[in-house]
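So the structure is just underneath, and the comments pick up after that.
The values are calculated or read from the model by the stated rules, or taken from the named source; none is laboratory data. Note that the structure is a prediction, hence the values are computed from the model and not measured. Here the Cβ is made from the backbone with ideal geometry for all residues, glycine too, and neighbour counts use every protein chain on show.
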Amino acid sequence: MDKFFSIVRGLGLKRGPQRILGGVLGGIAAKLNVDVAYVRIAFLLFALLPGPAFVFYLVAWAVLPDQRNVIPLQSFLDRRSLNRP
């Protein structure tokens with residue numbers, strides 16, 4: 001799993017400081033160097049289509065590192081492995 005998280009960190013995509021929920025769209029906007037409003041509008045349009053927009057957002061939130069380079073899924077898995085006997 002560590003290799004997977006290293007690859008994700010290597011993408012250079014982080015959850016952004018301009019956040020309403022999890023910062024995923026702010027991070028995408030920062031990476032693409034566009035205004036976050038455009039990315040939010042595009043996501044809303046994408047969410048109106050039948051499809052997995054909500055699931056995509058949740059997965060991106062769990063996998064993308066935040067501004068401190070911490071990945072929530074990795075932290076969860078590390079804590080879980082420490083609690084096992």
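Just a few scattered comments:
- For the stretch 76-85, a tally of residues being part of a helix (DSSP H, G or I) and more than 12 Å from Met1 (Cα to Cα) returns 5.
- Residues being part of a loop (DSSP other than H, G, I, E, B), over 15 Å from Ala60 (Cβ atoms) and of a type in the set (A, V, I, L, M, F, W, C) - total across the stretch 19-42: 1
- Among residues of the stretch 1-26 that are over 24 Å from Phe43 (Cβ atoms), those with a beta-carbon under 7 Å from a residue that is surrounded by fewer than 20 Cβ atoms within 10 Å (Cβ to Cβ) and not small (Gly, Ala, Ser) at least six positions away or on a different chain give the pairs Met1/Leu77; Phe5/Gln74.
- Test for Lys31: is it touching a residue at least 12 places away in the same chain (Cβ under 8 Å) and among the basic types (Lys, Arg): yes
- Residue in the stretch 7-18 that is at pLDDT below 85, part of a helix (DSSP H, G or I), surrounded by 11 or more Cβ atoms within 10 Å (Cβ to Cβ) and in contact with a helix residue (DSSP H, G or I) (Cβ under 9 Å, 6 or more places away or on another chain) present: yes
- Note on the stretch 53-75: among residues that are in contact (Cβ under 8 Å) with a residue 40 or more places away in the chain and assigned to a loop (DSSP other than H, G, I, E, B), the one that is surrounded by the most Cβ atoms within 10 Å (Cβ to Cβ) is Leu64.
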